[in-house]
Every structure is written in structure tokens, then in C-alpha cells.
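Engineer: Questions regarding the structure given below will be posed in turn.
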Amino acid sequence: MGEDSRVATLRREFEALYERYSREVWSTVYARWLDAESATDITQEAFLRLWKQLESGETIQSPRAWLVRVARNLAEDQAKSAFHRYGTQAPEVMNGVRAGDPAPLDKMERDEFFAKIRSILDELSVDDRTILTLRYALDYDSPQIADVLGVNVTAIHMRLSRARQRLAEKLAVHGVEPKP
Amino acid sequence: MMNPTHDPTTPDDLDRMLSAYFARELPHPWPTCPSVGEPVMVQAVPSSRVPAHQSDSHTRSSLTLAASVAALLGLGLFVSSDIRQQPTARKAAPDSATAPIDLSKTTADGSRHPMSKQDTTSPMR
């Protein structure tokens, strides 16, 4: 009965960690590869590995940092595997390619527009993508982003401003008007 | 397009575009926490599925007792009806067991016909 109680307590802690950090882990992976599905799978896998560590009695000082590190490694492994399977065509390029009946025109245009945004984001650095993802996907403010990235708030203000600037320049180069 | 002195509290087109982009990318609903460390539950067999002969001994004893009483009663009825028939049944031919007894039949001289043994094959009630 003692073991059951220990596992139950551990499971509650694990669920709390998931609630607290899963979105941040997802954002980190997404920023790396711009692939939502892969980011979801890798996030789940990273948490399963965290569970194994916790269950074995390992103490993890900073779960967030540990999760992000594991998730990044998993993302790198997956990218290498995808390269071998698909060649130079990254998975995100194939997103939204469907056979069958044509979608309504406005939906197709919208899909095309956002596919273009994705390809332009891909031209930014991972650091720029990370800060933009935390800001716009999770709606984090600068102090929250600073906490995740482990830098001071002033640096975040500057990085965010520069990332936006670089993105705007690339959008202009590609002739893309930012429209909501 | 891009305001160099962008006020983060006032969203511009770029902010709105990026918000819309990431809203499409985020999983909806958010994936649930992986199931970990769940104990394996062994389900007990419901009592309604337990065969009758495995019910508790008290019920079994009661049923056995009731059956015994019923058997004894039945035997008693049989024996008592047999005893009532016995005075005339003794005179009956051993093999004349099927003919019913007609107590109203008398011989011309008033003596009674010998009664045949009551049919012992009739079912007891």
C-alpha cells in the first residue's frame, strides 16, 4: 500500500508539471521545426521520459530545463530520421497537402497565406522563432518569457523587438502583407 | 507596415497576423497528460454471476431441509393412504393391481365382492 501511495503522489506531481510546462516545451520544439504535430508527439515523449526519471527516484533540479533539453534532443533525432526518410523535404512543407475535393477558395487562400508565413519564419534564427512563439502562441509577456529563457526582462524586450523587425523585413522581401 | 516604435500594448497588423498564425498551429484541445503509473485493477466477479450451487451454505441448508420435509410429507401421505386400503387390499390377488375397488358392489347374498388391491401405480399427490 505504501508503494501505491508513493506512485499516486508522484503521479499528481507529474500531472502538475505537465500542466505547468507542457506548453512551453511544445513551443520550444515548435520553434525549432515549425511542425505542430511533431512538437506534440515530442512533448508527450519528453514527459514520458520525465516520468521514468521520477519513478526511478531521480531528483531533477529544474524540470523545465530538463524537459526542454530532452525535447530538443528528441527533435534533432526526429529531424535526422525524417531526412533519411523524406530527403530534403521537411515535414512542414507537406502540411496541409491533401488529396480529394478542393477546399473552398477562401480557405485555400488562407492556408496558402499561412504556409507562406511558416516558410518565412523558417528563415529566421531559432532564437527569434522561440521568442516569437512564446509571445504569440502562449501570449506570454516579457517577464514570463524572461523566466522561461533565463535572461533579464530588458534583454527580452530588445530580442522581441529585433525578432519582429527581422520578420517584417522578410515579409516585405517576399511581398507578403501582414493581415490578421 | 512595421512601426519602429512599436508599443507592445497596442497590437498592430503584425501582432494580429502572428497571433492568428499561432492560434492555428496550437493543438486544440490541448493534449491530455500521458497516463502513467496507473495501478492494474483486477475486477471482482459480481455476485449475480456466481453459480447458484456456490451460494452461501445457509441457503443450501435451507433448501436441503425443505426438500427433506417435502419428501417426508409425501411419503407420509402415501403410507397413510396405503394403510387405509390395507384391510381389503390383503385379499386381493397379487397381480390384480389395476382394477379399481367398487365398494358398492355386493353379491346376491349381500356379501361383498372381494376387493381388489388398490391400484398402487396411481401417482401420489
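Engineer: Tell me which of these A:Met158 doesn't satisfy, since it passes every other one: (1) in contact with a helix residue (DSSP H, G or I) (Cβ under 6 Å, 6 or more places away or on another chain); (2) modelled with pLDDT of 95 or more.
Structural biologist: That leaves (1) as the condition not met.
Engineer: Here is a follow-up. For segment A:133-180, what are the residues that are hydroxyl-bearing (Ser, Thr, Tyr), farther than 23 Å from A:Glu112 by Cα and under 21 Å from the mean Cα position of the chain (by Cα)?
Structural biologist: A:Tyr140, A:Ser142, A:Ser161
Engineer: Kindly list, by first and then second residue, each pair from a residue in segment A:1-28 that is facing chain B (nearest Cβ under 10 Å) to a residue that is aromatic (Phe, Trp, Tyr), limited to pairs with Cβ atoms under 6 Å and residues at least 6 apart or on different chains.
Structural biologist: These pairs meet every condition: A:Phe14/A:Trp51; A:Tyr18/A:Phe47.
Engineer: With respect to A:Val153, is the statement that it is surrounded by 19 or more Cβ atoms within 10 Å (Cβ to Cβ) and either β-branched (Val, Ile, Thr) or free of Cβ contacts under 8 Å to residues at least 12 places away in the same chain (or both) true?
Structural biologist: No, not satisfied.
Engineer: Enumerate the helices (runs of 4 or more DSSP H) found wholly within segment A:77-140, keeping only those where 3 or more residues are at pLDDT below 95.
Structural biologist: Fully inside segment A:77-140 and qualifying: A:91-94, A:105-121.
Engineer: On to the next question. Take the residues in segment A:30-69 that are within 13 Å of the chain's Cα centre (by Cα) and away from chain B (no Cβ under 12 Å); name whichever of them is surrounded by the fewest Cβ atoms within 10 Å (Cβ to Cβ).
Structural biologist: A:Arg69
The values are calculated or read from the model by the stated rules, or taken from the named source; none is laboratory data. As the structure is a computational prediction, the values presented were derived from the model and not from experiment. Reconstructed Cβ throughout: ideal geometry from the backbone, glycine too, with neighbour counts over all protein chains shown.
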